[in-house]
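The structure is given below, and queries will be raised subsequently.
The numbers here are math on the coordinates, done by the rules we state, and not lab data. Worth saying up front: this structure is predicted, and the values here are computed from it rather than measured. Virtual Cβ from ideal backbone geometry, glycine too; neighbours counted across all protein chains shown.
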Amino acid sequence: AIISLSSGAVLDVAIGKYAKSEHELLREMLNGLTEGDRLLGDRYFCSYLLLARLKKLNIDAVFKMHANRKIDFRKGQNLGSKDHIVTWNKTQRPKWMDQAT
């Protein structure tokens, strides 16, 4: 669901089959967001693919870093305790992902 942080209103909801991923459901709802919006999500959504798409739509996002992503905290900009800015470089498309995605 996409919920307004200012009013608490539910702006959009996506429900899918058991095998449908949360990333797929979120991608279906992105058209409901507009330029300048801010998306707050849990660490599951912290992916290069999603962040690149949001940047293209001029939508800011805040996610905690996914636990499986290894970050060298000696690089980037340290903003404080548990707060760090890093630059991600685009990697090759995984074999399971189609060209259109």
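Rg (Å, one decimal) plus Dmax (Å, integer) for the alpha carbons of the chain?
Computed over the Cα atoms of the chain, radius of gyration and Dmax are 15.1, 42 Å.
Also, quick follow-up: How large is the helix-only mean residue ellipticity at 222 nm for the chain, computed as the sum of -39500 (n - 2.57) over DSSP H runs with n ≥ 4, divided by its residue count, in deg cm²/dmol to the nearest 500?
-4500 deg cm²/dmol
Starting at the first residue of the range 30-39, write each ³J(HN,Hα) from the Karplus equation 6.51 cos²θ - 1.76 cosθ + 1.60 with θ = phi - 60°, in whole Hz, x for Gly and Pro.
Taking θ as phi minus 60°, the curve returns 4, 5, x, 8, 10, 3, x, 5, 10, 10 Hz for the range 30-39.
Assuming R0 = 30 Å, can you tell me the calculated FRET efficiency for the pair ILE71 and TYR18, based on Cβ-Cβ distance, to the nearest 0.05?
Calculated transfer efficiency: 0.40.
I've got another one for you. Quick one: which residues, 5+ away or cross-chain, put their amide H under 5 Å from the amide H of HIS84? H built at 1.01 Å from N.
It is LEU79, by chain and number.
If you plug each phi of the range 75-90 into the Karplus form 6.51 cos²θ - 1.76 cosθ + 1.60 with θ = phi - 60°, what whole-Hz ³J(HN,Hα) values come out, in order, with x for Gly and Pro?
Per-residue couplings from phi come out as 9, x, 10, 7, 9, x, 4, 6, 9, 8, 10, 10, 9, 9, 9, 5 Hz.
Once amide H atoms are built 1.01 Å from N in the peptide plane, which residues 5 or more positions from LEU39, or in another chain, come under 5 Å H to H?
The list, which skips near neighbours in sequence, is ASP60, ALA61, VAL62.
Further, regarding this structure: Working out 0.36 nm times the residue gap between ASN78 and ALA52, then minus their Cα-Cα distance, what length gain in nm do you get to one decimal?
Using 0.36 nm per residue and subtracting the Cα-Cα distance, I get 7.2 nm.
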